[in-house]
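Notes follow the structure.
Laboratory data are not the source of any read-out in this text; all were calculated from the coordinates shown. Model, not experiment: these values are computed from the prediction. Methodologically, a virtual Cβ is constructed for each residue, glycine included, from the backbone with ideal geometry; neighbour enumeration extends over all protein chains shown.
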Amino acid sequence: MNRTPSWKLVLLVIVLLAGLVYALPNLFGEDPALQLSTRSVKWQDNIVSVLTESLSKENIQAKNIHIESDQNVLIRFKHTEDQIKSRDILKHTLGDEVTVALNLAPITPKWLMALGAHPMKLGLDLRGGVHFLMEVDVESAIKRRMEGYLGEFRSELKNQKLRYSAININMDKNNDNEILSIIFPDKLTRDQAELGLKKLFTGELEVQAATAELGTQLSAKLSQRTKQEIKNNTVEQTIITLRNRVNELGVAEAVVQRQGVNHVVVELPGIQDTARAKDILGKTATLEFLLRDDENDLNSALQGKIPPGSKLYYDKNHRPVLMKKRVILTGESITGAVASADSRDGRPSVSVHVSGAGLTNWKKATKENRGKDMGVLYIETKVGSDKKQKLEETLISVATINEPLGSRFQITGLSAQEAQNLGLLLRAGALPATISIVEERTVGPSLGQENIRLGILSIEVGMGLVILAMLFYYSFFGLLANIALLINLILLVAVCSLIGVTLTLPGIAGMILTVGMAVDANVLIFERIREELRNNLSIHASIHSGFERALATIIDSNLTTLIVGVILFSVGSGPIKGFAIVLCIGILTSMLTSVTYTRAIVNVLYGTRNIQKLPIGI
């Protein structure tokens with residue numbers, strides 16, 4: 001007789017019920033929604049009525065407005081068109097202090113949410129949005145580091161009172177390494193410098209001496225460890241800055257992740273304005289605050305006689321302005337920036353908050369130069385059509401210092417859009433290196449819905465064909481295999497939902513492949529039972545032998561596929577990872593359902609009965 005212990009049956013029922021609970025949220029769907037979050041203040045008591053009134057003026061009716069916390073509000077809509085239109089309305093109504101993010105809010109019952117049951121997140125190809133593959137110019141970061149060492153070398157040689165004839169940065173013969181070269185007047189000075197610099201920059205630079213025609217030369221280049229650290233830090237800092245900018249753009253569930261050595265993938269679900277997304281994400285910009293040079297003649301500067309310590313700039317209207325080179329404040333000291341309206345005349349402006357090391361110098365400089373003009377220089381690095389970097393410097397504002405400035409002040413002279421963009425960039429921080437977009441894809445929301453429809457249809461058709469084939473070939477035992485197949489799909493969706501898998505088109509392909517592969521184990525078991533019956537073994541002995549002897553083959557065939565799936569997940573990226581993780585989970589759940597659940601059902605139905613014929617097909 002074949003029997004399954006009661007404790008095992010109870011455990012299998014509990015696992016199945018848990019699977020149903022965690023797979024169930026995927027049936028309810030999602031509402032297009034807006035996620036509102038404040039940065040510093042709490043919501044007013046009448047915020048719901050304020051939001052309702054603002055939307056009603058534009059004939060938009062929200063499905064539900066829910067205050068989730070002191071700083072978060074969720075607004076649900078019936079249609080995507082209302083969601084997108086409401087975003088623009090509320091951005092204008094609530095101002096820059098509130099982040100308005102597009103979102104999809106699950107329509108999952110509260111009792112399921114309380115159990116931690118959430119639907120699977122949908123990838124870009126199913127929700128719609130924009131995908132960027134960005135290349136980080138890590139070489140520019142290495143060049144800046146070498147320029148930094150150039151200044152440190154000068155300071156160190158000055159401290160040691162060692163004279164040198166020349167110091168510069170050149171490329172080596174292979175044109176792949178920058179070398180810092182110093183020429184000394186004699187060998188003794190060179191040797192003293194070599195000893196001191198090697199001690200100071202141990203592990204960072206490779207310092208070595210070489211004889212040169214003009215005397216003696218000392219050369220230094222970055223060690224491989226330092227170069228790798230610079231590259232890694234540059235890419236990681238770029239990812240952090242891009243995430244900050246994505247948050248400021250107001251995109252929920254965005255993906256910003258590293259790919260390869262110097263590439264970053266950015267996926268923005270729900271975003272269709274690719275021009276603004278590229279403009280904000282790709283800008284390498286910062287600010288400098290300079291004093292106007294009133295002591296020298298502007299006309300002389302225009303004729304090429306620019307005095308030392310000054311530089312000629314042009315404002316937004318292309319008018320020349322002579323400014324002093326000395327920087328009294330940089331964008332690095334700015335810790336907060338919000339687009340607002342000037343309290344005096346209502347013109348667009350950016351309210352700036354300064355803190356850190358630069359604040360003391362800022363207060364001192366504005367106090368000493370009261371009554372003089374100060375300019376705000378906007379510095380942006382762009383990549384031209386020839387792929388070369390171009391530095392653009394524009395005076396966005398020139399104003400008189402009427403009183404000493406503290407940690408908070410305003411920048412004026414901007415359009416509304418310029419003020420918004422500048423505030424966003426200053427809040428998110430400057431990129432450590434220039435980035436260029438090497439790949440761009442846009443998926444419309446309607447295409448995403450079509451992908452979902454076709455994906456579900458593929459699973460239904462694939463599963464339907466498998467079910468019919470199993471019923472035709474294995475009769476009642478084919479029905480048992482189909483029950484196990486349904487249980488497998490339930491457990492697969494439940495596990496994916498529980499661990500937070502993001503479902504993409506390749507993930508759906510992994511599900512379809514799992515459906516096709518899941519019945520392989522049952523085919524092996526059923527064929528083994530048939531073989532034992534043909535060898536005149538009893539029905540109960542054939543069932544026992546079929547499950548026992550087919551197990552090794554099932555494990556072997558699934559293990560090889562599982563190894564391939566793990567390798568794909570390890571070395572792949574993006575869609576490949578999504579396919580691999582769904583495939584691996586599907587293999588594990590199919591082994592559980594095809595062997596354990598099928599055997600338990602067969603044992604319950606036939607384990608204790610005296611039967612003359614087994615309904616296992618022809």
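The table for this structure:
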{"read-out": "Gained length - Lys364 relative to Ser458, 0.36 nm times residue gap less alpha-carbon distance", "value": "26.9 nm"}
{"read-out": "Above-threshold pairs, the threshold being 29 Å between Cα atoms, out of Lys199/Lys324; Lys199/Lys227; Lys158/Lys325; Lys324/Lys363; Lys57/Lys121; Lys91/Lys325", "value": "Lys199/Lys324; Lys57/Lys121; Lys91/Lys325"}
{"read-out": "Length gained when the stretch Asp556-Lys316 is fully extended (0.36 nm per residue, less Cα-Cα span)", "value": "79.4 nm"}
{"read-out": "Relative contact order of the range 139-228, defined on C-alpha pairs under 8 angstrom at six or more residues apart (%)", "value": "25"}
{"read-out": "Estimated distance in nm for a label pair at Ser54 and Ser69, the labels positioned 7 Å out from Cα along Cα-to-Cβ", "value": "2.0"}
{"read-out": "Lys613 versus Ala18: modelled label distance in nm, points set 7 Å from Cα along the beta carbon direction", "value": "4.2"}
{"read-out": "Fewest-first ranking of Phe526, Phe77, using other Cβ atoms within 10 Å as the exposure measure", "value": "Phe77, Phe526"}
{"read-out": "Length added when fully stretched, Arg243-Asn159, from 0.36 nm per residue minus Cα-Cα", "value": "26.0 nm"}
{"read-out": "Inter-label distance, nm, simple model (7 Å from Cα along the C-beta direction), Lys325/Gln192", "value": "2.9"}
{"read-out": "Computed E for Ile167/Leu11 - FRET, C-beta separation, R0 51 angstrom, nearest 0.05", "value": "0.10"}
{"read-out": "Model label zone, Leu568; criterion: amide N under 20 Å from point 7 Å along Cα-to-beta-carbon; scope the range 513-544", "value": "513-521"}
